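Asker: I have a structure I would like to understand better, so I am pasting it below and will then ask my questions one at a time.
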Amino acid sequence: MSTESIRVERDGDLAIVSLAQAARGNPFDGTFTKDFKAVAAELWDTPGLRGVLLRADGPNFSVGGDLKTFYPVRHELGPLVRRWTGDLHMGLQRFWALPVPVVCAAQGFAMGGGVGLLAGADVVLAGEGTKFGSAFAQLGFNCDSGSSATLTARMGAARARRFVMLAEMLNAPEALAVGLVDRIVPDAQLQDEALALARKLAAGPTLAYGEIKRLFMKAGAAQLQAQLEDEALTLARVAAGADAQEGIAAMVEKRKPVFQGR
């Protein structure tokens with residue numbers, strides 16, 4: 001089940017899904033979006049699965065979009081985004097809807113799409129040094145990866161909107177206070193505690209857990225599906241604009257962007 005960017009291991013009834021491009025900061029790019037869709041589909045067909053632990057190799061959970069990859073093709077991002085989000089958003093819907101508990105362990109930096117991904121997990125544990133950021137607007141982009149739905153569900157609409165629009169960076173206690181994460185643990189104990197919790201949930205009444213998840217998902221299902229498609233098409237449109245291309249160029253070229261509102 002493992003792919004180029006994601007490693008999947010079995011631990012009894014538990015699947016451990018690891019973002020596996022540590023040297024690159026576990027970025028979201030064309031390879032990852034395709035791989036995530038494939039992994040999410042395979043998890044649904046995994047016999048005896050009773051829980052999932054989502055984690056990441058290396059010092060950071062995910063840096064989000066890979067700007068160095070985007071930079072040389074920034075003038076073609078519209079069509080690329082439509083293809084990438086087609087894979088990613090299908091994978092996210094299937095991953096979040098798994099009828100088993102999903103625990104996430106986040107360390108280092110969790111940025112952009114990485115925050116949207118982890119916010120959809122059932123329980124999120126963060127190392128005490130973890131930082132959560134949303135730099136979409138800083139780059140001239142709108143949010144994606146289901147962020148508008150998952151962040152709203154966790155933080156509330158007004159707080160989530162401010163987090164994204166102001167490109168805020170939250171430390172672990174701040175993220176806990178607004179509901180983005182559920183528990184903070186010492187960095188050195190993060191992986192062990194997340195694994196222990198995932199094992200505990202996988203040994204519990206997983207049929208009931210699955211139905212609890214389904215009921216809460218059903219309550220917001222129409223909104224989630226509509227939001228994912230709206231995010232994808234909006235991001236493709238915004239990514240093709242001058243501001244988004246300027247934002248990418250400025251970040252890679254280490255200068256202040258000059259936005260023109262188009």
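Asker: If one computes the Cα centroid of segment 185-207 and of segment 122-146, what distance in Å separates the two points?
Answerer: 22 Å
Asker: What number do you get for the chain when its Cα radius of gyration is normalised by 2.2 N^0.38 Å, N = residues?
Answerer: 0.96
Asker: Starting from the Cα of Asp13, step 7 Å toward the Cβ, then list every residue of segment 200-214 with an amide N under 16 Å from that point.
Answerer: 200-213
Asker: Counting only pairs 8 or more residues apart or on different chains, how many lysine pairs in the chain have their Cα atoms under 22 Å apart?
Answerer: Summing the qualifying lysine pairs gives 8.
Asker: Roughly speaking, what is the stretch gain from Arg83 to Lys68, that is 0.36 nm per residue apart minus the C-alpha to C-alpha distance, in nm to one decimal?
Answerer: Values: separation 15, 0.36 × 15 = 5.40 nm, distance 1.85 nm.
Fully extending the segment from Arg83 to Lys68 adds 3.6 nm.
Asker: Still on this structure, please answer the following. With a 10 Å cut-off between alpha carbons and a GNM built on the chain, which of Arg214, Arg82, Arg162 moves the most?
Answerer: Arg162
Asker: Residue-wise, which Karplus ³J(HN,Hα) couplings in Hz belong to segment 184-191, taking 6.51 cos²θ - 1.76 cosθ + 1.60, θ = phi - 60°, and x for glycine or proline?
Answerer: 10, 10, x, 3, 5, 9, 4, 5
Asker: Now for a different question. Using a ≥ b ≥ c from the Cα gyration tensor of segment 55-108 (square roots of the eigenvalues), is it rounded, prolate or oblate, where a/c under 1.5 gives rounded and otherwise the larger of a/b and b/c decides, a/b for prolate?
Answerer: Note, shape of segment 55-108 comes out oblate.
Asker: Mind sorting Thr130, Thr31 by how few other Cβ atoms lie within 10 Å of their own Cβ, fewest first?
Answerer: In increasing order of surrounding Cβ atoms, one gets Thr31, Thr130.
Asker: Still on this structure: Any idea how far apart Phe216 and Ala38 come out in nm if each label point goes 7 Å out from Cα toward Cβ?
Answerer: 3.1 nm
Asker: Moving on to the next point. Over segment 6-189, what is the mean sequence separation of C-alpha contacts under 8 Å (at least six apart), divided by residue count, expressed as relative contact order in percent?
Answerer: 19 percent
No value in this document is a laboratory result; all are computed from the given coordinates. In this text the structure is predicted, and so the values were computed from the model without any measurement. Neighbour counts run over all protein chains shown; Cβ positions are idealised from the backbone, glycine included.
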